[in-house]
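Some notes on the structure that comes next.
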Amino acid sequence: MTYTVALLTSWKAAAEEEARTRIGKTNNTARARSVKQAVATIQRDHKMRDDLHRDLLKTAKERMALPRVTSRISKFAHSEIIVHRIDDNAYPNIDDRPGISGWFKLEILDFYHGGLDCVLDLQCGLFDSETHAWSLISYERSKSSFPQRLSKRNVYITGKIPWRNILYYDMNGDQYYREPHLYCAFTDSGEPYEGRGYFTVGDEQTYEWEVRPEDRLEPEALLSLMARPLENR
């Protein structure tokens, strides 16, 4: 059978138009699916945020009765939590396998915009009153003398657990630990944390101020800063 040039040309044009139509529909479908998944993730994270605010904090009346300046921790009805990796099978026994334990107890410091700040460690810090630069130092070194404008303060190092890594929680605890239990995905380098935070530490009547990680220097770099005139920094 012989096909005319006009017929072949019309078939080619029709095929190209159908391909363009399909590409558009495929892109629109994928985009709609992506938006739907993003909305579902936001809704899920916001529900986890609202549920944990309701269940971990003291009542509004109790919080209103707190001193105007007080520790971040004081507003919590439950200041400690048990964190579990979602697939952990060691609890309640000690997990001595390599890497981070599959379960552990943490003290809550505060909420941040994307999750929970929980205390991992307490260290000593040096703070420059003029440049706001700071450094972590050992407790042995903290006994040394430093320039007058450097102040020594304890620093909480926190792990930031995002809502997306908190998959489930149980407020009732169990026969081993009565604290709330959080079941988390350890998906950030094998940990439940998406990053670290740093907060100055006071007593129960002192608010913990967060300090910027980008202002942190190594101790020797901070001390060398003292030797340079301010206009050269």
| remark: Among [x] 49; [y] 27; [z] 24, the entry matching percent of Cα pairs over 30 Å apart as calculated here is [x]
| query | With a sphere of radius 9 Å drawn around the Cβ of Cys124, what net charge do the other residues whose Cβ falls strictly inside it have (Lys, Arg +1; Asp, Glu -1)? | reply | +3
| field | Sites matching GluC sites (Glu not before Pro) across the stretch 101-183 that sit in DSSP coil, with at most 12 neighbouring C-beta atoms within 10 Å | value | Glu130, Glu140
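Between Met226 and Thr70, what length in nm is gained on full extension when 0.36 nm per residue of separation is reduced by their alpha carbon distance? It would help to have the intermediate numbers written out before the result.
Numbers: separation 156, 0.36 × 156 = 56.16 nm, distance 3.28 nm.
Here the answer is 52.9 nm.
We did not get these values from a lab; they are worked out from the coordinates using the rules stated. A quick note: this is a predicted structure, and the numbers were derived from the prediction, not measured. Note that we place each Cβ from the backbone using ideal geometry, even for glycine, and neighbour counts take in every protein chain shown.
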